[in-house]
Structure formats: C-alpha cells, structure tokens
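Since the structure comes first, as structure tokens, the remarks are kept for the end.
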Amino acid sequence: MAGTSVNSNAVVKYKQLIDVVHLNDSANSQFVNNLFNELDSDNYKGIRAPMYGLIAKLETNNGNVDKAKIALERAISALNKTVSHSYQIDALNHISWVYINRGDYASAIYYLQRMADYAYEHKHMRGQAIALNRLGQCYIELGLSSLAFPPLETALSISKQYEFENTELLALLYLANAALTSDKMTPQEILAIVDQATLITKRMNYGEGYIDRLRGLTYQKVPQHDIAQQWLQKSLAFATSEHDVRLLRLINYDLAQFYFIQHQEELALSHAQSSLMYAKRLNHQAGIAKLHYLLSQIYHRQQDSSQAYANLSAYTDFLRSDSNRNAISLLTLMDKRINSLRQQNKMVELENNLLSTDLAAQKAYNERHTTVIWLMAALFVFISLSVSLFIRHRMMSMKVAISMKDALTGAYARSYLKHFLPLVKNTLAKERDFNSSFGIMLIDCDDFKLINDKFGHGGGDAALKAIVTTINREIRNQDTLFRWGGDEFVLMCQSVSKTQLKEISSRINKAVSNLAVNYGNSEIRPTISIGYALHSHDESFNLDELLKIADDYLYQSKRAGKNAAFGI
C-alpha cells in the first residue's frame, strides 16, 4: 500500500480540508461540498478514505446525518485503496470518531482494533497514540472513566515523546473528562491539566469551547457555582457561534444538570430539551436515552407525572432494546478479536485469561510493543465490562431496573410498581376534579389452562401477547398496564371517572372477545374477565384495599359466565 504516490493537488486539498474545523460559514460549506463531488475522480486515488472520513466527521458535527452517512460509507469502502500509513491511520481515526459520536461503540471498537493492529504492524507511533485516545474516549462516554486513565496516560506519554501536539491535546482533554467523573484527582489537579491543554489550544487555535466546558465542570466540582456558570455559558456561546453540534449537545446537557442541582427547573428543562434536539440531529441514541432520564427527573420535580412517565419509558425502552443489541455486537467483536490474534500468533494466551496471564506473558515481548499490547488487553477489558457490567451499572446508578417491563408481553413488570406509586400519589394530591380519581382493573384470561393444554405454552404465550397488544390499543396515554403474574394483568388508570372506567373496561372486554390469534394452523379465541374499582377521595389511598375490591368484582365476572366486566 505504501510507496504509491498521490496527486499533489489532492494532497493540498486534503491539507486544506484538515484546516476546516467546523462547517460554520458558507465558504467552508461550499468548499466541502465541492470537494465531496470531486472525490470520485482519478485525481484522488489513494487518499479518498481519509478525505471522505474527515467530511463524514465534519458533517456529523454539523448535524447533517444523512450526508455524513454517505461519506462514511465511501470512506470505509476506500480503506483498502489508501496508499500511505498516515492516510490509513487518519481514515480509521475519522471513521471511529464518527461512530463514537453516534453512540455506536461496537462499530467504533471494531475500527479501533483495526487502527491498533495497523499501527503495531507498521510501528506507527502516532497511530498508537490516536487509538489509545479513542479507547479512553469510549470508556468515558460509557461511564467507565476509571478505566480510561491507563490508555490516556500512555497516549500522553507517546505524544510528548514524539511531539504529536494534536494527540497530546486530546489526551489532556480526555484525562480531564475522566477525572471529573472519578475520584482519582482533586479539582486543583484537574485545573492543572486543563491549563496544560489551554497552552496547546492557543497554539493550535482549536478546542477553546471544550476547554471552557472543562473549566466550568471543574469549578462546579470545587464547588464554586458562580464561576462554573460563567465558564459553562462561555462554552455555550462558543459552541453556538461555531455551530459545533457535538459541543452543543454536551454543554446543554451540562447546563441542564447544573440548573437541576440549583433547583432552577425551568432553565434545566430548556437546556435539556436543547441537548435532546442536538442529540437527535447526531442520531446519538445513548445520548438521547440519557436525556430522557434527565427529563424524567425534571418533570417529576415539576410534578408533571405524564411527562415524567413518558420520558422514563423512553429511557427504559432504550435499555431493553439498543443496549441488548449493542451487547450482542460487542460479543461478536470479541470473537473476531480472538480470531485475529490467533492468526497473528500474538497474545495467544489471552484465550484463557484476560487480566493476569496475558499481561505477564507479554512482558517477554519487545519493550517497544508495550503500548499496543496494553491497548489489546484493554480492548478485551472494555468489551467484557461493557457487556457484563456497564449496562447493569448505569441502570443501578440511575435506580432503574432492567426488568421494568415483562419480557414476553411488553407490559410493565410488577417490580416497577415501587417507581410508579409515588407518581400516582402526587397526581392524586393535585387532582382538582373530584369526579376523577385513580382507577384500577384486574384482568384475568378466561380458561387459560385450557389454552395451554390444547395449544401448548407457545400458544398460551401467543395469546397473552395478542391480549396485551389489544389492551394497549384501547387504553389512554395516562393508563399503565402491568403483568401481575401468569395470565393476570392490572390496569392502573389515572384521572379517570366512574363512567370512563366502565367504558374502558367494556371496550377492552369487547376488543379481546373479537380476537382471533393465528397459531400454526389453528386459531385461538381468548376472552377475559375484568373487575374494576375507583379510589374515593374521601378515603386515604390504599392500593391493597383497592385491589381487593377489584378482585371481588373479578370473581363476580367469573360467576356471571366469564367474558364480562363488573365494578364500582
């Protein structure tokens, strides 16, 4: 690959492209658009991958997700036609950056692996420093900051030794970020790192807004809130003027948290909504989920139960879907990584031990390989911890359980009740319409044992899922369905009148009775019985008592011949 020349005009254009920090004015945008349209010509052979990769990075940072996606795909397809080691490292760096800033850590790790292998094979020290920095960035964004220090410290050491100013700046910025979410450094030590980064920033004329953000977050940790607010607002002004969408997402989130801590909910809400808007523009799914959780906290404090539910639900849906798919991807990457190492005849002993035997065995290798060997081992630690620890850790830290929803039906699990009831009580306390209150329905599948006996448990599962889907179509936004156990469900209805409760129960009962569930060559015709009850404002709220009343009416529905709804 190395040794083939690149058109000199293409090299000049690439250098000009590197100088474009943001697409924040018409001149920069026009230059990048023109270049994007030229890159398929023969003049850019051998250098397309890093140029498309850098355009993908710029478009991502500007919130142009669709154009960034096209540029990213072209960068990846051109990787094998890149003619120099530096261009290959640049391309892999840009590609991994885009994936990290989309929150697609599985894909980012894949290209980090390729960068690390390539840098090791070709003794490319700048590539090693970049890969280590990107690994540290992944740790930080996944909430595993304590694991970011070793690779970042090694990247900083390499950068200083070989005078790679750009990678030195990134290492310092990421070290400060990692320190802010761990107890490894004092605020004064973090500010010392930020001061070092500031000197490089001034020489490079790059990264000013990120420096301001770090200063603000550090002073918040001191705590000196007035100074923190000034720096955070300065960072926001810079991000706005530069139209840096990534920084706008980060700094608005920081300000939302800052004002939430200060009990200034309106300001917190405004910045959280702005951050969510930018996260959506970047298509950063993990960032979107994180903001939904923060918004649920803000709305809960404002006693807006409906919005609190909606945002908490969006957050838990992400945990149950995207995180699981991401875990599968990471496991697949682990397998690829092991196969790659076997093929190279390097670090074979990693097969049985990820943390001790592997590192001990590697000490026999040449000292010059130490940094990338650490990266390889750290990648395994990253993958295993991301799969087995991170998802659980983040949910525990936010006091939200993975099991909020029933895996089979998608209804809320009974364990979610402890999170749900406080919000119910808040709603009741604010209720001004005494014709409306809190209603509850007990829903039981009729003759469910006969369905299981006739169609097997697969048929029973299919019937339950169809019943839940049907119920969800008939209820209101403020109603919440729980799977209580087996074939029994509980529907909790907020701000509901006696007449509405009766209408909802009748509507559900009729819709389910019209169900025809196709299972294999058979058709399952399930029915349900319902008992419902309404909380009286004259009495103190007692869920157990309300359930007992609903259960009595459920029994009455059964005695009336099933497929019925009775209540008070």
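Couple of notes before you dig in:
- The accessible-area ordering, largest first, of the residues 48, 414 stands as 414, 48, per a 1.4 angstrom probe.
- At the residue level, residue 405 shows approximately 40 square angstrom of accessible surface with a 1.4 angstrom probe and all protein chains present.
- Exceeding the 31 Å Cα-Cα cut-off - candidates 15/123; 405/454; 290/498; 465/558: 290/498
- Dipole magnitude of the range 120-178, debye to nearest 20 (Cβ charges: Lys/Arg +1, Asp/Glu -1, about Cα centre): 80
- Annotation note: GluC sites (Glu not before Pro) in the range 160-230 located in DSSP loop regions with a Cβ neighbour count of at most 14 within 10 Å are 163.
- Between residue 559 and residue 42, the modelled label-to-label distance comes to 9.2 nm, taking each label 7 Å out from Cα in the direction of the beta carbon.
- Taking label points 7 Å from Cα along the Cα-to-Cβ direction, residue 77 and residue 514 give a separation of 4.9 nm.
- Taking a straight line from the alpha carbon of residue 81, these aspartates and glutamates sit under 16 Å away, with near neighbours fewer than eight places off in the same chain left out: 40, 42, 73, 90.
- Between residue 160 and residue 121, the FRET efficiency estimated from the beta carbon spacing at R0 = 25 angstrom works out to 0.55.
- Net length available on complete extension from residue 537 to residue 153 is 132.0 nm, with 0.36 nm assigned per residue and the Cα-Cα distance removed.
- C-alpha center-to-center spacing [the range 185-202, the range 30-67] in angstrom: 34
- When the charge dipole of the range 214-302 is built from unit charges on Cβ atoms (+1 for Lys and Arg, -1 for Asp and Glu) and taken about the Cα centre, the candidate among 302, 224, 283 whose Cα reaches farthest toward its positive end is 283.
- Gyration tensor (alpha-carbon) shape descriptor, the range 130-210, a/c threshold 1.5: oblate
- The slack in the chain from residue 66 to residue 301, taken as 0.36 nm per residue of separation less the alpha-carbon distance, amounts to 80.9 nm.
- Label point distance in nm, residue 189-residue 408, each placed 7 Å from Cα along Cα→Cβ: 5.2
- Three-way shape label, the range 79-168, alpha-carbon gyration tensor, a/c 1.5: oblate
The values are calculated or read from the model by the stated rules, or taken from the named source; none is laboratory data. This one's a predicted model, so the numbers in the text were calculated from it and none came from an experiment. Methodologically, a virtual Cβ is constructed for each residue, glycine included, from the backbone with ideal geometry; neighbour enumeration extends over all protein chains shown. Side chains are part of the model used for accessible areas, which takes the heavy atoms of the whole protein and leaves out ligands, DNA and RNA. Shrake-Rupley method; radii C 1.70, N 1.55, O 1.52, S 1.80 Å.
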